[in-house]
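Contents: one structure, followed by commentary.
The values are calculated or read from the model by the stated rules, or taken from the named source; none is laboratory data. On a predicted model such as this, the values are computed, not experimentally measured, just so you know. With ideal geometry, Cβ positions are generated from the backbone for all residues, glycine too; neighbour counts draw on all protein chains shown.
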Amino acid sequence: MGLFGQSGEPLPFETMERYQARKVRDRFTFEMLAEYLHHLGLSPFQEDFYLPQGAPAWLVEKTGTFVPAQTEYSLAQARADF
């Protein structure tokens, strides 16, 4: 069973009634995360968030696995499995 915790003073944009959803996974959704981050001035799901106009860039390429027993997931698989 998943756990969901809440503490502190709620922020003005929080959807408090969602925290009472029957299913834990419905209490804080990906869409809520994106909305909350937007209210905080963050947009990590937008490509230009990571490379603002005029900023230098680094290309990082991963080849092979880092640990032999490591399991890799695509974002879609991770969302579906977890």
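Among residues of region 36-51 being within 11 Å of the chain's Cα centre (by Cα) and free of Cβ contacts under 8 Å to residues at least 24 places away in the same chain, the one that is nearest to Thr15 (Cα to Cα) is Leu37. In region 29-46, is there at least one residue being among the acidic types (Asp, Glu), modelled with pLDDT of 90 or more and either in a loop (DSSP other than H, G, I, E, B) or loosely packed, with under 13 Cβ neighbours inside 10 Å (or both)? Scanning region 29-46 turns up at least one residue that is among the acidic types (Asp, Glu), modelled with pLDDT of 90 or more and either in a loop (DSSP other than H, G, I, E, B) or loosely packed, with under 13 Cβ neighbours inside 10 Å (or both). Within region 17-28, being free of Cβ contacts under 8 Å to residues at least 12 places away in the same chain and in a loop (DSSP other than H, G, I, E, B) holds for Ala21, Arg22, Lys23. Within the bounds of region 47-64, is there any residue that is part of a loop (DSSP other than H, G, I, E, B), polar (S, T, N, Q) and surrounded by 10 or more Cβ atoms within 10 Å (Cβ to Cβ)? No - not one qualifying residue is present in region 47-64. If you go through region 3-16 one residue at a time, do you hit one that is exposed (fewer than 10 other Cβ atoms within 10 Å of the Cβ) and part of a helix (DSSP H, G or I)? Within region 3-16, one or more residues are exposed (fewer than 10 other Cβ atoms within 10 Å of the Cβ) and part of a helix (DSSP H, G or I).
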